[in-house]
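Beneath this line is the structure, given in structure tokens, with notes to follow.
The values are calculated or read from the model by the stated rules, or taken from the named source; none is laboratory data. Quick caveat: nothing in here was measured; it's all calculated off a predicted structure. A quick note on method: Cβ atoms are made from the backbone with ideal geometry, for glycine too, and the neighbour counts reach across all protein chains shown. Only protein heavy atoms, including side chains, enter the accessible area calculation; ligands, DNA and RNA are left aside. Shrake-Rupley method; radii C 1.70, N 1.55, O 1.52, S 1.80 Å.
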Amino acid sequence: MNPQENSDLLAALMRQEELLKQLVAAINKPKLGLHSEAGSCKIYCNRQHGGLWYTLNGEPSDVPQTALTGYLKELRFENTERRKKETCKLLITIQADRTYILESGYDTHFSKCILAAIATLTPEQLYSPITLQPTPGTTDENVLFCRVWVESELVMASYNEQSNWREVSKQALAVTKAANEMVL
């Protein structure tokens, strides 16, 4: 490349960077006016109240949408008390039109599906939005699975009784953290 081509390329890259900054600022702007989306939305992922997932605003409220698409921001395990018993939950933070926090038992099929799928991905794949699709079990009405999609591709990840969940979880958490630290 000659000096003029280098200069033109640098100017184009700087314009592109400025446009990207403006786009990010526009995406991060809060909604103005009246709306019902302040704060985050916690979604409980189980079939306890008739649907596939639900929210709690006093009473359980079924979430009619069949999938959630956004950026995976965090996977974490949290010990909490439910029905006067200590239990461990997997919390999945998705950034979309607002922040969604999905909660599922750490050892449920829903959690295992997500952990197994995320553990097979690269940070570059997680830099794109993912889609989580709760799927009911066919033989047991209490079982809830989760399909994970990256763009239009279903992530195929199997697991069984011999799966080392400590290692699968570590890998899924590490990939998620690396994706969120990426600067492209």
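The long axis of helix 165-181 is offset from the longest Cα principal axis of the chain by roughly 30 degrees. Total lysine pairs in the chain at Cα distances under 13 Å, for residues eight or more apart or on different chains: 5. Unpaired cysteine residues in the chain (no second Cys Cβ under 4.7 Å): C41, C45, C88. Classify the stretch 56-122: rounded, prolate or oblate, from the alpha-carbon gyration tensor (a ≥ b ≥ c, eigenvalue square roots; a/c under 1.5 rounded; otherwise prolate if a/b is larger than b/c)? Oblate, because a/c is 1.5 or more while a/b does not exceed b/c. Relative to the dominant Cα principal axis of the chain, helix 109-119 is inclined by about 30°. Taking a ≥ b ≥ c as the square roots of the eigenvalues of the Cα gyration tensor, an a/c ratio of 1.5 or more together with a/b no larger than b/c marks the stretch 128-168 as oblate. Of D62, D140, D97, the residue with the greatest mean-square motion in the GNM of the chain, using alpha carbon springs below 10 Å, is D140. Counting only protein heavy atoms and a probe of 1.4 Å, the accessible surface of the stretch 66-182 is 47% carbon and sulfur.
One entry in (1) 14.6; (2) 9.9; (3) 10.8 is mean projected area of the Cα convex hull in nm² calculated from the shown coordinates; its label is (1).
Could you work out the longest stretch of the chain that avoids the GluC sites (Glu not before Pro) located in DSSP loops with at most 16 other Cβ atoms within 10 Å? Formally, the longest exposed-site-free interval is 38-140.
Spatially, the stretch 69-109 and the stretch 144-178 are offset by 15 Å when compared through their Cα centroids.
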